[in-house]
Amino acid sequence: MTDRFKPAVQILTDYGYDSAKLIPILQKIQDAYHYLPEDVMRFLANELKISPAKVFGVATFFAHFSTTPKGKHIIKVCNGTACHVKGSASIIQAVKDKLKLKEGQETTEDMMFTLECVSCLGACGLAPVMVIDDTVHGQMTAQTAAALLDEVIKAEAAHGN
């Protein structure tokens with residue numbers, strides 16, 4: 001076994017190699033790898049004695065899962081009706097500009113940030129809303145979004161990243 005699969009083995013051990021716990025196993029795998037790598041999903045299928053199609057089916061059915069690499073920090077900007085009406089488009093553009101994301105690019109080259117535009121974050125009363133990692137920020141503007149990103153960037157630089 002290569003080092004690549006060590007986190008997966010630990011997660012499988014924690015869940016008793018129980019295929020009935022596939023969803024929480026995939027959640028932990030995604031936490032460990034920041035996405036669901038194809039080789040790790042094949043490894044899971046083999047270890048859980050289920051078909052790769054089942055693992056891939058679950059991984060691609062739920063929007064929570066990602067089969068493409070994501071950055072260390074996940075930024076979600078709501079573009080639902082309330083947020084859109086209150087200016088979420090300018091926030092999305094400010095984030096793209098600050099992170100120097102090109103058209104169609106979601107993750108920065110250094111794998112530090114991923115921007116996701118989502119339909120609803122369930123915080124319409126705080127519109128427009130942006131979530132950085134798991135922290136909700138309401139009543140955002142392009143300026144406050146850029147300032148929050150500056151704080152994260154500064155904190156990363158202080159930690160040598």
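The values are calculated or read from the model by the stated rules, or taken from the named source; none is laboratory data. Note that the coordinates shown come from a computational prediction; the quantities given were computed from them, not determined experimentally. We place every Cβ from the backbone using ideal geometry, glycine too, and count neighbours over all the protein chains shown.
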Inset, instruction - Please go through region 35-49 and pick out each residue that is surrounded by 15 or more Cβ atoms within 10 Å (Cβ to Cβ) and at pLDDT 95 or above. - result: Leu36, Pro37, Val40, Met41, Phe43, Leu44, Ala45, Glu47, Leu48
Inset, instruction - Select from region 126-145 the residues that are touching a residue at least 40 places away in the same chain (Cβ under 8 Å) and part of a helix (DSSP H, G or I) and list them in ascending order. - result: Ala142, Gln143, Ala145
Inset, instruction - Any residue in region 11-22 that's β-branched (Val, Ile, Thr): show its pairings with residues that are surrounded by 17 or more Cβ atoms within 10 Å (Cβ to Cβ) and in a helix (DSSP H, G or I) at Cβ separation under 7 Å, as long as the two are six or more apart or on different chains. - result: Ile11/Ile25; Ile11/Lys28; Ile11/Ile29
Inset, instruction - Find the residue count for region 109-138, including only residues that are closer than 19 Å to Ala155 by Cα, polar (S, T, N, Q) and surrounded by fewer than 17 Cβ atoms within 10 Å (Cβ to Cβ). - result: 1
Inset, instruction - Hand me the list of helices (runs of 4 or more DSSP H) wholly inside region 1-120 holding 1 or more residues that are assigned by TED's automatic domain parsing to the domain that holds Gln139, closer than 30 Å to Gln143 by Cβ and not hydroxyl-bearing (Ser, Thr, Tyr). - result: 81-85, 88-99
Legend entry - All positions within region 1-34 that are under 15 Å from Phe65 (Cα atoms) and modelled with pLDDT under 95: Gln30, Asp31, Ala32, Tyr33, His34
Inset, instruction - Pairs only if they're at least six apart or on different chains, beta carbon under 9 angstrom, first in region 146-161 and in contact (Cβ under 8 Å) with a residue 24 or more places away in the chain and closer than 16 Å to Gly71 by Cα, second assigned to a loop (DSSP other than H, G, I, E, B) and of a type outside the set (A, V, I, L, M, F, W, C); list them, first residue then second. - result: Val152/Asp133; Glu156/Lys72; Asn161/Lys72; Asn161/Asp110
